[in-house]
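The values are calculated or read from the model by the stated rules, or taken from the named source; none is laboratory data. Here the structure is a predicted model, which means the values were calculated and not measured. Cβ atoms come from the backbone with ideal geometry, glycine included; neighbour counts cover every protein chain shown. For the accessible areas, the whole protein counts, side chains as well, though only heavy atoms, and no ligand, DNA or RNA atoms are used. Shrake-Rupley method; radii C 1.70, N 1.55, O 1.52, S 1.80 Å.
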Amino acid sequence: MDEVRRIIDKLCDTSVLTRDEIITLLENHNPEIQAGLADKASATSQKYYGKKVFLRGLIEFTNYCKNDCYYCGIRCGNKNVERYRLSKEDILECASKGYELGFRTIVLQGGEDQYYTDDLMVDIIKSIKKAHPDVAITLGIGEKSYESYKAFFEAGADRYLLRHETADFEHYAKLHPAYLSPANRQQCLYNLKEIGFQTGAGFMVGSPYQTIENIADDLLFLKKLDPEMVGIGPFIPHKDSVFKDMEAGGLDMTLYLLSIIRLMLPTVLLPATTALGTINPRGRELGILAGANVIMPNLSPVGVRQKYLLYDNKICTGDEAAECMRCLSGRMERIGFEIDHGRGDNIKFGNNAD
Ligand code: 5AD
Ligand code: FES
């Protein structure tokens, strides 16, 4: 127990832990340690960003995907999905609706869909920026070449989300078909950083075959990459996926990891994800109280939401964006936090909170 206390003190003082220390911290996870860590993590978040929660409006613009990741509901092998694509005009309309609702970050997220060529993406990015110059654009469209990423950045995209999924190559091979390379995925993250994107990596908590050692390696990978954003959420099985009978990731382990990540990367922008809100009705509030500081409501047209299901029982698929905003403001206020209506950049990039 003294050893765990020493590790927590070291984490709070230096933000650096060895692999063995991380493993000890994870093995000794209990409610008391978790609560103590959550308080320290939330205090750290507040030190840099105040009692604020940043908003990202998510537009899920295509559920076509050329990949067949075993965990994912929209993998190409799932023939039960009704596929859709939003046009440039649809996307602009969603972005404008988000803008009116007070969003200053728009996240364009989709499967890896060749229909959206680099030229089309560049056109969409430029059009959103032209209509709303004060909006930050985040992309989440998977692995692309250095040149493509550079073209998106030069068109005005500010941020890019690409979870590394797992830092252990053997574990990666259990979650993905052989043609997907974890080395390439990690290289993509380094390329994004070099180009100048605020970059986000991350992984699922409790994904099939994940070990404590895998999680330790994920945390060490994050520390080395030093991303501006980190996305983690519980793995949740999807009924049409290879892992349909696997157990979901745990609420408490996810909260514990959110706190550890906040303390390892003190200024990181860290969402309380929709997956966390799906496994527990108060998941997002608990995530914020554990050190997260971002929420990502859905701006996709209600008509397509049921078609973008990476996992079962996803929340908010029937609610208008305005309804989610009301609901979330209330939820955040009740835990003493306030929604910020600025772009919410990482402070390394000059945070311009309201
Ligand atoms: N459960 C939880 N998260 C998932 N993702 C994909 N499928 C699932 C699932 N079944 C996550 C992946 C991906 C992100 C967009 O969503 O980590 O990178
Ligand atoms: Fe969507 Fe509550 S956040 S309804």
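A few points about this structure:
- Scan of segment 110-125 for residues that are within 16 Å of Tyr149 (Cβ to Cβ), outside any loop (DSSP other than H, G, I, E, B) and open to solvent by 10 Å² or more (accessible area, probe 1.4 Å), ordered by number: Gly110, Asp118, Asp119, Leu120, Val122
- Set Leu251, Leu270, Leu286, Leu276: member being more than 15 Å from ligand 1 (Cβ to nearest atom) and modelled with pLDDT of 95 or more: Leu286
- Residue within segment 84-92 that is charged (D, E, K, R), outside any helix (DSSP H, G or I), touching a residue at least 60 places away in the same chain (Cβ under 8 Å) and within 30 Å of Lys144 (Cβ to Cβ) present: no
- Qualifying residue in segment 300-318 (condition: within 14 Å of ligand 2 (Cβ to nearest atom), in contact (Cβ under 8 Å) with a residue 12 or more places away in the chain and crowded, with 22+ Cβ neighbours inside 10 Å): yes
- Residue pairs whose Cβ atoms lie under 7 Å apart, sitting 6 or more positions apart in sequence or on different chains, and linking a residue in segment 128-141 that is open to solvent by less than 30 Å² (accessible area, probe 1.4 Å) to a partner that is within 16 Å of ligand 2 (Cβ to nearest atom) and not aromatic (Phe, Trp, Tyr), are Thr138/Arg56; Thr138/Val107; Gly140/Val107.
- When segment 328-340 is filtered for residues that are within 12 Å of ligand 2 (Cβ to nearest atom) and farther than 24 Å from Gly249 by Cβ, the ones remaining, listed by number, are Ser329, Gly330, Ile339.
Results for (1) within 21 Å of Tyr160 (Cβ to Cβ); (2) β-branched (Val, Ile, Thr); (3) within 16 Å of ligand 1 (Cβ to nearest atom), shown as yes or no for each residue.
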residue: Glu89; (1), (2), (3): no, no, no
residue: Cys94; (1), (2), (3): yes, no, no
residue: Phe103; (1), (2), (3): yes, no, no
residue: Gly111; (1), (2), (3): yes, no, yes
residue: Ile124; (1), (2), (3): yes, yes, no
residue: Ala136; (1), (2), (3): yes, no, no
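- Unique match (being within 27 Å of Glu333 (Cα to Cα), more than 16 Å from ligand 2 (Cβ to nearest atom) and out of contact with any His (no Cβ under 9 Å at 6 or more places or on another chain)) among Met246, Met204, Met229, Met296: Met229
- When residues of segment 93-109 are limited to those that are assigned to a loop (DSSP other than H, G, I, E, B) and not hydrophobic (A, V, I, L, M, F, W, C), the one surrounded by the most Cβ atoms within 10 Å (Cβ to Cβ): Arg104
- Tally, over segment 69-83, of residues that are of a type outside the set (A, V, I, L, M), touching a Phe, Trp or Tyr at 6+ places or on another chain (Cβ under 9 Å) and touching a residue at least 40 places away in the same chain (Cβ under 8 Å): 5
- The requirement of being open to solvent by 60 Å² or more (accessible area, probe 1.4 Å), part of a helix (DSSP H, G or I) and free of Cβ contacts under 8 Å to residues at least 60 places away in the same chain is fulfilled nowhere in segment 47-60; no residue meets it.
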